[in-house]
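Structure first, commentary second.
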Number of protein chains: 2
Amino acid sequence: MPDSKPLTVLVNPNVAEAEKTAREAVSQHKTLIVIGNCWVHYQGRARSELEPGERILVIKQDGSLLVHRSVGYEPVNWQPPGCVFHTQMRGNFLEVHAVRQKPAESVKVSFDRIQMVSALSLQDSGEFSLYASEEDMQKAILCRPSLLEEGFKPISYEKRVQPGFVDVYGVDKDGKLVVVEIKRKKAGKEAAIQLAKYVDAVKSRADREVRGILAAPSIAKEVQRTLETLGLEFKSLDPKKCAETLRRSETAKLTEFFVEK
Amino acid sequence: MPDSKPLTVLVNPNVAEAEKTAREAVSQHKTLIVIGNCWVHYQGRARSELEPGERILVIKQDGSLLVHRSVGYEPVNWQPPGCVFHTQMRGNFLEVHAVRQKPAESVKVSFDRIQMVSALSLQDSGEFSLYASEEDMQKAILCRPSLLEEGFKPISYEKRVQPGFVDVYGVDKDGKLVVVEIKRKKAGKEAAIQLAKYVDAVKSRADREVRGILAAPSIAKEVQRTLETLGLEFKSLDPKKCAETLRRSETAKLTEFFVEK
C-alpha cells in the first residue's frame with residue numbers, strides 16, 4: 001500500500017533506519033534525498049571511483065540518480081531515468097545500487113554515516129519555456145557556427161551594407177561569402193526580400209560568389225518559392241536550440257564535464 | 001560568527017523561518033536545500049520561465065545553483081559557481097535571487113510553500129577517478145570520430161589484417177585510408193612498430209595512400225622520432241576524455257539538454 005505521508009525526514013538516523021526509508025521511497029517511486037559520508041563505484045561505459053566524503057544523493061521519481069558534491073553544478077556521478085534500485089545493509093553500511101540494462105551500467109553508493117534522509121512525492125506539472133531573441137540566435141551562430149552549417153566561418157556581425165545591417169556575415173567551407181538573415185518566428189516574404197537586398201549589396205562589391213541564407217524556425221511555402229526564385233536558401237534554426245547553445249557554450253569554458261566544446 | 005551546527009533541518013517551516021535559515025546558509029557558504037512549491041525566472045543569455053510546481057533547490061558552497069524537478073537527471077534551471085545570492089520575504093513568498101556578473105545572468109526562485117529547508121557544511125576531499133580501457137577509447141572514436149581528427153570517418157574496427165587486428169580503420173577528409181592503433185598509456189616503441197606492420201599490410205592491398213596514427217595520452221620522445229622515420233603520426237588522446245565522451249553520447253540520445261550531439 002502506498003505511503004500517503006507527503007514527506008519523511010530523518011535527521012542523523014542509524015544505517016538501518018535510513019535503509020528502511022530509502023527502500024520504501026524507491027519502491028514507491030518517491031524522490032529520495034540521502035546526505036552523508038559515502039563512496040561511489042561506477043562501472044559501465046568506462047569506470048569510475050569516488051573516494052569517501054560527504055555528499056548529497058538524489059534519486060528521482062523516474063529512476064534517475066545524482067550524486068552531488070559540495071561544489072560544482074554538475075553531479076559527480078549520475079544516471080539517466082530508468083534505473084532499477086536495490087538498497088541493502090552491508091555490515092554497517094547502507095548500499096544503494098542503481099542498475100541499467102541498456103547499456104549495462106551500475107552505480108553503487110555506500111554510506112557509513114548518514115546526516116539526513118528525506119523521501120517525498122513532488123507535485124509538478126508546471127511548464128518550462130525557454131525564449132531566445134534574434135540577438136540570442138545571432139550570438140549562438142557566432143559562438144557555434146555549425147548551427148548554420150558545417151564549415152561556416154563568421155567574419156562579422158551587424159555588418160553595414162547599403163540597405164542596412166547584415167545579421168551575420170561569413171564564408172562557407174568552399175570560400176563563398178555568406179550573408180545570413182535571422183528571424184525568430186516563421187519567416188515571411190519581407191525577410192526574403194530584405195535578404196535579397198543585402199546579398200545584392202554584397203555582390204556588387206565582392207570578387208567571389210555570395211550565398212544568402214534565411215535562418216528561421218520555419219518558413220511559409222510561398223516564401224520558400226520566392227527564396228528559390230531569388231537564388232537564396234532557407235535554413236531551419238530553432239530559437240530554443242540557440243538559447244541552449246548559448247548557455248552551454250558559456251559554461252563549457254568553466255568545466256571539462258561537457259566534453260563536446 | 002559562523003554557525004557551528006553541522007546540520008539544520010526545518011520541516012514545513014513558515015516562509016519567514018525558511019528565509020532566515022536560507023539567508024544564514026548562503027552568507028556562511030553552506031550547502032542549502034529548499035524543497036517546496038516554486039516558480040523560476042531566468043534572464044541572461046536567453047530567457048526562461050518555469051511555472052509553479054514542487055521542486056528541489058540546491059545552492060552549493062561555491063555559489064552554484066540547481067533547480068531539480070521530480071524527473072530527469074538534468075536541472076531545469078542552474079547556474080555555475082560564483083553566484084551572489086540575495087534572499088528576501090516578498091509578501092508571503094520567499095524569494096531567492098542568484099546573480100552573476102560575467103555574463104550578466106539572474107535566476108529568481110520564488111517559493112509560496114516550503115516543505116523542507118536544510119543547511120549544512122559538507123566535508124569532502126575524496127578524489128574522483130575516471131578510467132577508460134583501450135576498448136573504451138576505441139568505442140569513443142567510433143562514436144565521435146572527431147576525437148581523432150576533423151573529417152575522419154571510421155569504416156571498421158578490429159579489422160583483421162595479416163599481423164593481427166587494427167583497432168580502428170577509416171578514411172580521412174581527403175579520402176586517404178587511416179589505420180589507428182590505440183594505447184591507453186604512454187606509447188612505447190612496440191606500439192609504433194605494431195602500427196607500422198598494420199599500415200604495411202593495408203598498403204599492400206590498397207589502391208590509395210594509407211596513413212598510420214598512433215593514438216595515446218602521450219608518447220616518449222624517441223618513439224616520436226621512430227614514428228616520423230616510419231612516416232607515421234601521433235595523436236594525443238586522453239582516456240578520461242574518451243570515457244566522458246562515451247557517457248555523454250549515451251545520454252545525448254535521451255535528451256535535448258545537451259545540444260551538441
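When Cβ neighbours within 10 Å are restricted to other protein chains, what is their mean count per residue of peptide A:113-119?
Working: counts 0, 0, 6, 6, 0, 8, 0.
Shielding by partners across A:113-119 averages 3.
I need the shape label for the protein assembly as shown. Rule: rounded when a/c is under 1.5, else prolate if a/b > b/c, else oblate, with a, b, c from the alpha carbon gyration tensor.
Details: a/c = 2.44, a/b = 1.25, b/c = 1.95.
Oblate is the answer for the protein assembly as shown, as a/c is 1.5 or above yet b/c matches or exceeds a/b.
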- Note on the structure: Reduced to Cα centres, the span from segment A:85-149 to segment A:12-55 in Å works out to 14 Å
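Relative contact order of segment A:117-191: what whole-number percent is it, with Cα pairs under 8 angstrom and at least 6 residues apart?
Numbers: 78 pairs, mean separation 16.3, N = 75.
It comes to 22 percent, rounded to a whole number.
Semi-axes of chain A's equivalent ellipsoid from the Cα gyration tensor, sqrt of 5 times each eigenvalue, largest first, rounded to whole Å? Spell out each step's value before the answer.
On the way: eigenvalues 584, 74, 42 Å².
The three semi-axes for chain A are 54, 19, 14 Å.
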- Quick one: angle between helix A:239-252 and the longest Cα principal axis of chain A, in degrees between 0 and 90, rounded to 10, please. 60 degrees
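Longer than 27 Å from Cα to Cα, which of A:108/B:159; B:102/B:153; A:159/A:241; A:241/B:30 are they? Say none if no pair is.
On the way: A:108/B:159 36 Å; B:102/B:153 39 Å; A:159/A:241 24 Å; A:241/B:30 34 Å.
Exceeds cut-off: A:108/B:159; B:102/B:153; A:241/B:30.
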- Task: Tell me the distances, shortest first, between residue A:149 and the same position across the other copies, using label points 7 Å along Cα→Cβ, in nm to one decimal.
- Result: 2.5
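Could you work out the relative contact order of segment B:24-68, using alpha carbon pairs under 8 angstrom and six or more residues apart, expressed as a whole percent?
It rounds to 38 percent for segment B:24-68.
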- For residue B:168, other-chain or 5+-apart residues with amide H closer than 5 Å (H placed, Pro excluded) are B:158, B:180
- For chain A, what does -39500 (n - 2.57) per DSSP helix run (n ≥ 4), summed and divided by total residues, give at 222 nm, in deg cm²/dmol to the nearest 500? -7500 deg cm²/dmol
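Let me know the charge dipole size of segment B:134-242 about its Cα centre in debye, to the nearest 20, where only the beta-carbon of Lys, Arg (+1) and Asp, Glu (-1) is charged. Don't jump to the answer; show the numbers that get you there.
Values: 22 positive and 18 negative charges, 29 e Å.
Here segment B:134-242 has a charge dipole of around 140 debye.
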- In whole Hz, what ³J(HN,Hα) sequence does segment B:199-204 give by Karplus (6.51, -1.76, 1.60; θ = phi - 60°), x for Gly and Pro? 4, 4, 4, 5, 4, 5
- Any idea what the residue B:209 label distances to the other copies are, label 7 Å down the Cα→Cβ vector, nm, shortest first? 2.5
- Folded to 0 to 90 degrees: helix B:15-27 orientation relative to chain B principal axis, Cα: 50 degrees
- Query: Can you list, shortest first and in nm, the gaps between the label point of residue B:131 and those of its counterparts in the other copies, using a point 7 Å from Cα in the C-beta direction?
  - Reply: 5.1
- Task: Could you work out which residue, out of A:182, A:155, A:56, moves most in a Gaussian network model of chain A, that is, has the largest mean-square fluctuation with Cα springs under 10 Å?
- Result: A:155
- Which whole-Hz ³J(HN,Hα) couplings does segment A:54-61 yield from phi under the Karplus relation 6.51 cos²θ - 1.76 cosθ + 1.60, θ = phi - 60°, glycine and proline marked x? 7, 9, 10, 9, 10, 10, 9, 5
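Each value in this text was obtained by applying a stated rule to the coordinates, not by laboratory testing. Bear in mind the structure is a predicted one, so any value in this text is a computation, not a measurement. Here Cβ is always computed from backbone atoms with ideal geometry, including for glycine, and neighbour counts include all displayed protein chains.
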